[in-house]
Amino acid sequence: MTSSSPAKTPAPHRVVALLQSPQSTFPLACASEVFGDHGPAIPVRYAFEVCAEPPGPVRTQAGYDLLVTEGLGALERADTVLVPGWQQAPGTDVPAATIAAVRRAHRRGARIVGICSGAFVLAAAGLLDGRRAATHWAQAAELAARFPQVRVDPAVLYVDLGDVATSAGSAAGVDLCLHLVSADQGAAYALRVARQMVMPPHREGCQLQYAELPTSGPVGDSLAPLLEWLSGRLDQPVSVAEMALRSQVSARTLTRRFTEQLGISPGRWLLDRRIAATRALLEETDLPVETIAHRVGLSSAVNLRRRFHEALRTTPAAYRRTFRANEVR
């Protein structure tokens, strides 16, 4: 009778975070919390380290320096390369050495992850060409303008394409990292990590529920009176034909003016305002959803819930729980 040898414990999945001055500390902390050592309560499945080019003191936005001892060579042994935010002076590019190191890691099979503005590094390396990507909602337009070949999705919390992944703002980096843990190690292990961090393993909705309420912005004289008139009548049904009659132009001309001045159709603008008004009433009042629906011109609670979910990927009830004004947490 021969004794079987014990199963060999697999090597930890190595995550290397690429830092740059001035480093944002929150996304870095989020990544280290998910992939770092959780103590004896949770088996070690990851090894987390940092690198920078050049190595040495890395200034942070929090007013202190990090001493980073590893350079870009650390990416050569990474299973996952993670960019926890990336701050660049206007008019500057991601350094060529950094792009080359990220591309080499990707070619040999490492997963490349960008948290928040870290997506700009992945885009500069060409890893997002023709592909969907996420970043902070406030930086989505800039990412799309600088890298027009990237299909920027300003709504989602994260996008995982397998070999590359990107997230929205800093806290959404936790959502992405927990998702990656679930993909790597299974949902049960990810749930243990989330519980250790005292947070849900998955958040409801999309990042648009955290974006600033939309405003009309500067508009030409041809539309300003109409928009003011519409804003005072959100509780009433208004058709494009009625808008055109009010403006004394054809519906076709009115639609063209909306597209030229606001970049959206009249119906889309009006629906956006109704959703914005809904958000404010959910945050500031205890009104039932049915009442809110009539106040903002969405006719019924069923219609409001459908439109709200289409816009924000969450329900009015979940939104209210999250954003109640003056609620003590």
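So for the stretch 13-32 (the condition being outside any strand (DSSP E or B), open to solvent by 90 Å² or more (accessible area, probe 1.4 Å), at pLDDT 95 or above and of a type outside the set (D, E, K, R)), does at least one residue qualify? No, the stretch 13-32 has no match at all.
In the stretch 208-246, which residue that is modelled with pLDDT of 50 or more and among the polar types (S, T, N, Q) is nearest to the chain's Cα centre (by Cα)? So, considering only residues that are modelled with pLDDT of 50 or more and among the polar types (S, T, N, Q), the one nearest to the chain's Cα centre (by Cα) is S231. For the stretch 78-126, a tally of residues being in a helix (DSSP H, G or I), among the β-branched types (V, I, T) and open to solvent by less than 10 Å² (accessible area, probe 1.4 Å) returns 3. Any residue that is under 19 Å from H179 (Cβ atoms), buried (at least 21 other Cβ atoms within 10 Å of the Cβ), touching a Leu at 6+ places or on another chain (Cβ under 6 Å) and in contact (Cβ under 8 Å) with a residue 40 or more places away in the chain - is there at least one of those in the stretch 132-154? Looking for residues that are under 19 Å from H179 (Cβ atoms), buried (at least 21 other Cβ atoms within 10 Å of the Cβ), touching a Leu at 6+ places or on another chain (Cβ under 6 Å) and in contact (Cβ under 8 Å) with a residue 40 or more places away in the chain, one finds none in the stretch 132-154, hence no. Report every pair of residues separated by at least 6 positions or lying on different chains whose Cβ atoms are under 8 Å apart, first residue within the stretch 169-191 and on the phi > 0 side of the Ramachandran plot, second open to solvent by 50 Å² or more (accessible area, probe 1.4 Å) and modelled with pLDDT of 85 or more. Partner pairs satisfying both residue conditions: none exist. Checked against (1) part of a helix (DSSP H, G or I); (2) farther than 27 Å from P154 by Cα; (3) open to solvent by 40 Å² or more (accessible area, probe 1.4 Å), M243 passes all but a single condition, namely (3). Restricting attention to the stretch 261-288 and to residues that are in contact (Cβ under 8 Å) with a residue 40 or more places away in the chain and farther than 15 Å from L227 by Cα, the residue that is surrounded by the fewest Cβ atoms within 10 Å (Cβ to Cβ) turns out to be E284.
Applying a threshold of 8 Å to beta carbon distances and a minimum spacing of six or more residues, or different chains, the list of pairs starting in the stretch 233-250 at a residue that is touching a residue at least 40 places away in the same chain (Cβ under 8 Å) and ending at one that is open to solvent by 30 Å² or more (accessible area, probe 1.4 Å) and in a helix (DSSP H, G or I) reads L234/R273; L234/R295; D235/H294; D235/R295. Test P90 against the stated conditions and say whether it is over 30 Å from G186 (Cβ atoms) and at pLDDT below 95. So P90 passes the test.
Per the conditions (1) under 15 Å from C30 (Cβ atoms); (2) at pLDDT 80 or above, the sole criterion not satisfied by R203 is (2). Among the residues that make up the stretch 115-133, is at least one of them of a type in the set (V, I, T) and either under 18 Å from L19 (Cα atoms) or touching a Cys at 6+ places or on another chain (Cβ under 7 Å) (or both)? There is at least one residue in the stretch 115-133 that is of a type in the set (V, I, T) and either under 18 Å from L19 (Cα atoms) or touching a Cys at 6+ places or on another chain (Cβ under 7 Å) (or both). Pairs linking a residue in the stretch 38-61 that is within 30 Å of A96 (Cβ to Cβ) and among the basic types (K, R) to a residue that is assigned to a strand (DSSP E or B) and open to solvent by less than 60 Å² (accessible area, probe 1.4 Å), with Cβ atoms under 8 Å and 6 or more positions apart or on different chains, are R59/Q23.
The values are calculated or read from the model by the stated rules, or taken from the named source; none is laboratory data. Not measured: the values here are computed from a predicted model. Backbone-built Cβ (ideal geometry, glycine too); neighbour counts: all protein chains shown. Surface accessibility is based on the protein's heavy atoms, side chains included, excluding ligands, DNA and RNA. Shrake-Rupley method; radii C 1.70, N 1.55, O 1.52, S 1.80 Å.
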